[in-house]
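Undergrad: This is the structure I have questions about; it appears just below.
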Amino acid sequence: MKKIIANFKMNKTATEMKQYLIKLISKFEDKCEAVLCVPYTCLSLAKFIVDGHDNIKVGAQNISEEEEGKCTGEISARMLKDSGASCVIVGHSERRAKFKENGKIINKKIKVALKNGLEVILCVGETLAERNTLKVADTLREQISEALKGLYENELENITIAYEPIWAIGSGKTPLVKDIEIVGKIIRKIVTEDYSAKAGEEIKVVYGGSVNTKNAATICRCKYIDGLLVGGACLDADGFAQILNTSI
């Protein structure tokens, strides 16, 4: 079953989310696993509305690397769990760029998430400059190895790697199918070299970056790809339902 992750970013109030989820659920055909990474203010509401739907999970978009304490404005793993989240996005390019999150911080966030029973969606991806200078594999190796440093192989069962080329996010541009497949293979090779062939084969890899109703199904059929991470296209319930129902 494919995994389709929605990243709502800083969009939708709780009132708006309620109406959105009611419509989405009415159209969802249970053909894939849907993961809804909603704003913090919508977590409890979303969990309440989707409760009972086995193929719909609620996730968060970020997490503090600290367990608790003097971290004004931050959200801990325990808080996310208590609010209904079962997973969390870590390492999104916007967090890396705007909030200066480096590999060390991302590694700490992953460890604290796993420690508290949250699944992790780890975002990795290259800039256009790195792509043009043929540094995609090197960039991904650095990002993945740093993020997963110190983790045991069995912990990879609770990690999904989301390949999001930075140049594709919100640009309307996506890599060719063959290029997505090449990167999917590269990611699995990195995991294989760091852990084992079994780990490389079984790690979940999804693609994100300008996914929409027109290209979702095609990308989902790519070799080495287990699903999608959807940004802007998830904000319309009708359109996202179409993506969920055709990405099989």
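The values are calculated or read from the model by the stated rules, or taken from the named source; none is laboratory data. Fair warning: this is a prediction, and the values are worked out from it, not measured in the lab. Neighbour counts run over all protein chains shown; Cβ positions are idealised from the backbone, glycine included.
Undergrad: Among (1) assigned to a helix (DSSP H, G or I); (2) under 16 Å from the mean Cα position of the chain (by Cα); (3) not acidic (Asp, Glu), there is one condition GLY59 misses while meeting the rest; what is its number?
TA: (1)
Undergrad: Restricting the first residue to region 118-145 and requiring it to be free of Cβ contacts under 8 Å to residues at least 40 places away in the same chain and surrounded by fewer than 21 Cβ atoms within 10 Å (Cβ to Cβ), which pairs with a second residue that is in a helix (DSSP H, G or I) and not charged (D, E, K, R) meet a Cβ separation below 7 Å and a spacing of at least six or different chains?
TA: So the pair list comes out as LEU128/TRP167; GLU130/VAL136; GLU130/THR139; ARG131/TRP167.
Undergrad: Within region 29-48, which residues are crowded, with 20+ Cβ neighbours inside 10 Å, assigned to a helix (DSSP H, G or I) and without any contact (Cβ under 8 Å) to a residue 40 or more places away in the chain?
TA: CYS42, ALA46 - these are the residues of region 29-48 that are crowded, with 20+ Cβ neighbours inside 10 Å, assigned to a helix (DSSP H, G or I) and without any contact (Cβ under 8 Å) to a residue 40 or more places away in the chain.
Undergrad: Same structure, new question: Please find, within region 213-248, the residue that is farthest from LYS2 (Cα to Cα) out of those that are assigned to a helix (DSSP H, G or I) and under 14 Å from the mean Cα position of the chain (by Cα).
TA: GLY232
Undergrad: Which of the following residues is of a type in the set (Gly, Ala, Ser) and either more than 15 Å from ILE5 (Cα to Cα) or surrounded by fewer than 18 Cβ atoms within 10 Å (Cβ to Cβ) (or both): ALA60, ALA97?
TA: Answer to the check: ALA97.
Undergrad: I would also like to ask the following. Looking at THR139, THR72, THR160, can you tell me which residue is modelled with pLDDT of 95 or more and either over 30 Å from LEU176 (Cα atoms) or in contact with a Pro (Cβ under 8 Å, 6 or more places away or on another chain) (or both)?
TA: Working: THR139 fails: either over 30 Å from LEU176 (Cα atoms) or in contact with a Pro (Cβ under 8 Å, 6 or more places away or on another chain) (or both); THR160 fails: either over 30 Å from LEU176 (Cα atoms) or in contact with a Pro (Cβ under 8 Å, 6 or more places away or on another chain) (or both).
One residue alone meets the criteria, THR72.
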